[in-house]
Amino acid sequence: MDEVLFYCEEVFFNKYIYPEDFCLEQGSIGRQILSLSIIEIFGGYGIYLITSGIAYILFFDKELCKHPLFLKNQVKTEIKTCILLLPIVSLMQVPLFLLQINGFSKLYTKHDLAAADFLLEAVQLAFFTDFMAYWIHRLTHCKLLYKKLHKIHHMSKIPTPFASLLFHPVDGFLQSAPFHLYGFLFPLNKDVFLVMLIFGSCFAVFLHEGNYRMPKWFRRVFNGPHQHTAHHLYYNYNYGQYFTFWDRIGGTYRDFGDDMVTCASKKD
Ligand SMILES: [Zn+2]
Ligand SMILES: [Zn+2]
């Protein structure tokens, strides 16, 4: 994130945002907090709107909008709520990025990392976040936390890609915490960190994209729109992020079959 911050400062902020005699000097903690907040909020908006928009236009089955469980004005509500809540989650993550760019994490710079090492670090990070995200998600389904934190994510029973960031700020922060935690516990290349940050956002959109025509082998190994919509519909199954592994270990994996969405018609 330090290189993103430096690039934004040099190319954009110094020219168009901050006046020449701005009271916060480049490199000062105050300026880092302010710049990171701008990057986080507007970068978050950009990634959310572009990836969700593309997924909605290209992949989301618009026939699902006629489903009895599809809410009135659902897309509008999903977008409005995400736009409203995203800045809060973004600001909650700023201290973590601040610690990273000031050298308190185990992130390291090496732009010529071999492809195999790059892939290995990305897979290790994915397995770590997958494990943590599964248990955190499962925890947020306990009675006490569900109503206070996680219910908002289940507002849409048949979610669209625009529901990918539909989280109570604390829930959104908890879901992203494992990703940040990894960089404080284990050595991690900064390029891998950035690529996986964007990949994680895209995968969240993929989980909500409403295209259920995934091959059966894929559904057995990876989480996808099919399993995640089943989670929105039936709550106690398919909590996982990338893989079905922890759902299988935890006894919560279930494939509801190809007719899952058409069969689900009762409002709860
Ligand atoms: Zn859930
Ligand atoms: Zn969801």
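The values are calculated or read from the model by the stated rules, or taken from the named source; none is laboratory data. Bear in mind that the values here come from a model prediction, so they are computed numbers and not experimental data. Ideal geometry is used to build each Cβ from the backbone, glycine not excepted, and the neighbour counts take in all protein chains shown. Just the protein is used for accessible areas: all its heavy atoms, side chains included, with ligands, DNA and RNA removed. Shrake-Rupley method; radii C 1.70, N 1.55, O 1.52, S 1.80 Å.
So what's the back-of-envelope 222 nm ellipticity for the chain, counting only DSSP H runs of four-plus at -39500 (n - 2.57) apiece and dividing by all residues, rounded to 500?
-18500 deg cm²/dmol
Quick one: how many Å² of Ile88 are accessible to a 1.4 Å probe, rounded to 10?
Approximately 80 Å² of Ile88 is accessible to the 1.4 Å probe.
From the phi angles alone, apply the Karplus equation (6.51, -1.76, 1.60; θ = phi - 60°) to region 159-173 and give each ³J(HN,Hα) in whole Hz, x where the residue is Gly or Pro.
Values, residue by residue: x, 9, x, 6, 8, 4, 10, 7, 9, 4, x, 5, 5, x, 5 Hz.
According to the square roots a ≥ b ≥ c of the eigenvalues of the Cα gyration tensor, what is the shape class of region 144-203, taking rounded for a/c under 1.5, prolate for a/b larger than b/c otherwise, and oblate for the remainder?
oblate
About its Cα centre, how strong a charge dipole does the chain have in debye, to the nearest 20, once Lys and Arg get +1 and Asp and Glu get -1 at the Cβ?
Here the chain has a charge dipole of around 1460 debye.
Farthest toward the dipole's positive end in the chain, which of Leu96, Pro19, Thr77, given Cβ charges of +1 (Lys, Arg) and -1 (Asp, Glu) about the Cα centre?
Value computed over the given set: Thr77.
Please report, in debye to the nearest 20, how large the charge dipole of region 39-108 is about its Cα centre when each Lys and Arg carries +1 at its beta carbon and each Asp and Glu carries -1 there.
Its charge dipole is roughly 140 debye.
Note down, for region 131-268, the three equivalent ellipsoid semi-axes (square root of 5 times each alpha carbon gyration tensor eigenvalue), biggest first, whole angstrom.
Semi-axes (√(5λ), whole Å): 24, 18, 14.
From the backbone phi of region 30-47, what are the Karplus-calculated ³J(HN,Hα) couplings (6.51 cos²θ - 1.76 cosθ + 1.60, θ = phi - 60°) in whole Hz, Gly and Pro given as x?
Going residue by residue, I get x, 5, 4, 4, 5, 5, 4, 4, 5, 4, 4, 5, 6, x, x, 4, x, 4 Hz, with x marking Gly and Pro.
Contour minus end-to-end for Phe6 and Tyr234, with contour as 0.36 nm per residue of separation and end-to-end as the Cα-Cα distance?
Gain on stretching Phe6 to Tyr234: 77.6 nm.
Give the whole-number value, in cubic angstrom per residue, of the convex hull volume spanned by the C-alpha atoms of region 212-266.
Hull volume over Cα atoms, normalised by residue count, gives 67 Å³.
Using only Cα atoms, find the angle between the long axis of helix 225-234 and the longest principal axis of the chain, and express it within 0 to 90 degrees, rounded to the nearest 10.
In the chain, helix 225-234 runs at an angle near 70 degrees to the longest axis.
Of all accessible surface on the chain at a 1.4 Å probe, what whole percent is carbon and sulfur?
68 percent
By how many degrees, between 0 and 90 and to the nearest 10, does the Cα long axis of helix 74-101 differ from the longest principal axis of the chain?
So the inclination is approximately 40 degrees.
Enumerate the amide H contacts of Leu188 below 5 Å, restricted to partners 5 or more residues apart or on another chain; note that Pro and chain-start residues carry no placed amide H.
Leu107, Tyr108
Projected onto the charge dipole of region 175-253 (+1 at Lys/Arg Cβ, -1 at Asp/Glu Cβ, origin at the Cα centre), which of Phe218, Val205, Asn236 gives the Cα projection farthest towards the positive end?
It is Phe218.
Just to confirm, what accessible area per residue do you get for region 51-157 at 1.4 Å probe, in whole Å²?
57 Å²
Within the set of other residues whose C-beta is less than 11 Å from the C-beta of Trp246, count the net charge using Lys and Arg as +1 and Asp and Glu as -1.
So the environment of Trp246 carries a net charge of 0.
Binning at 5 angstrom from zero up to the longest distance, how are the C-alpha pair distances of the chain distributed in percent?
P(r) for the chain, in whole percents per bin: 1, 6, 12, 16, 18, 17, 13, 8, 6, 3, 1, 0, 0.
In the full protein assembly as shown, how much of Lys15 is accessible to a 1.4 Å probe, in Å² to the nearest 10?
140 Å²
Along Cα→Cβ, 7 Å out, is where each label goes; now give me the distance between the ones at Met214 and Ile57 in nm to one decimal.
2.5 nm
State, in angstrom, two size descriptors of region 12-162 derived from its alpha carbons: Rg to one decimal place and Dmax to the nearest whole number.
So, for region 12-162, Rg and Dmax equal 19.8, 58 Å respectively.
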